[in-house]
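The values are calculated or read from the model by the stated rules, or taken from the named source; none is laboratory data. Predicted, not measured: the structure shown is a model, and the values here were computed from it. Quick reminder, even Gly has a Cβ in these numbers, built from the backbone with ideal geometry, and neighbours come from all protein chains shown. Ligands, DNA and RNA are stripped out before the accessible areas are found, and what is left, the full protein with its side chains, is counted by its heavy atoms. Shrake-Rupley method; radii C 1.70, N 1.55, O 1.52, S 1.80 Å.
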Amino acid sequence: MFSIQQEPFSPCAAALIAALDHWQNALYPPESQHCTDLTALADDELILLMARDTQGRAVGCLSLMIQPNGFGELKRLFVAPEMRGQGVAEQLMADIEMQARDVGLQQLRLETGLHHHAALRFYQRLGYQRCAAFAPYGDDPLGVYLSKTL
C-alpha cells in the first residue's frame, strides 16, 4: 500500500532524485542528461508529488513544471525498485494529470531517454505520443520527446 500527496521539495525527494540520477548516469553522457534543478523553481512553477508507503517512507516522486504557455512538463518520475509493479507510477501519473487539468494546463510534455525502454512503453500506454523536441531542448539523438493533450 502507498499514498500520494503533494509536498514541498524535501530531503526525501532529493534522495529519490539522486537514485534516479545515479541510474541515468550509467546510460547517458552528461550532454544528454536534462536534469532540471527543482529547487530553483518558484512554488507557482512546480507541483511535486510524493508516494509514501504505509510507514511514511518516500518510495516515488513525480514533478510538473508549469509553463506560462498552457503546457506543463513532467520531470523526475521515479519509483523505488522495491515498489515497482505495485501501481505507484500509474497513480503518480493519474494524480499529476488531474492537478495539471485543475491549474488549466492543456498539454503535458516530457523528455526521456532512448534507452528507457520500459518508460517509453509506460508513457505510450498512458496516451503519450512522440513529438518534436520542444524548448529548451534541442535535437538529441538519445532523447525522446512525448506529449499528451489533456
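General remarks:
- The dipole here belongs to the chain: it is taken about the Cα centre, uses +1 on the Cβ of Lys and Arg and -1 on the Cβ of Asp and Glu, and is about 480 debye.
- Ile17 sits among other residues whose Cβ lies under 14 Å from its own Cβ, and their net charge, with Lys and Arg +1 and Asp and Glu -1, is -1.
- Per-residue SASA remark: Arg130, around 150 Å² accessible (1.4 Å probe; ligands, DNA and RNA not included).
- The alpha-carbon atoms of the chain define a convex hull whose volume equals 110 cubic angstrom per residue.
- Tail weight of P(r) past 13 Å, computed on alpha-carbon pairs of the stretch 78-150, percent: 69
- Nonpolar atom fraction for the stretch 1-138, defined as the carbon and sulfur part of the 1.4 Å probe accessible area, stands at 54 percent.
- Each of Pro81, Leu41, Ala132 was placed along the dipole of the chain (beta-carbon charges, centred on the mean Cα), and the one lying farthest toward the positive end is Pro81.
- Size of electric dipole in the stretch 68-150: Cβ of Lys, Arg +1 and of Asp, Glu -1, about Cα centre, debye, nearest 20: 160
- Working note: 222 nm ellipticity from helices only, DSSP H runs with n ≥ 4, each -39,500 (n - 2.57), summed and divided by the residues of the chain, gives -8000 deg cm²/dmol to the nearest 500.
- A 1.4 Å probe run over the protein chains yields, for the chain, 52 Å² of accessible area per residue, whole-number rounding.
- Accessible area of Met98 in the full protein assembly, 1.4 Å probe (Å², nearest 10): 100
- Cα gyration tensor shape of the stretch 1-81, rounded if a/c is under 1.5, else prolate or oblate by comparing a/b with b/c: oblate
- Dipole axis of the chain (+1 Lys, Arg; -1 Asp, Glu on Cβ), positive-most option in Phe9, Leu114, Gly70: Leu114
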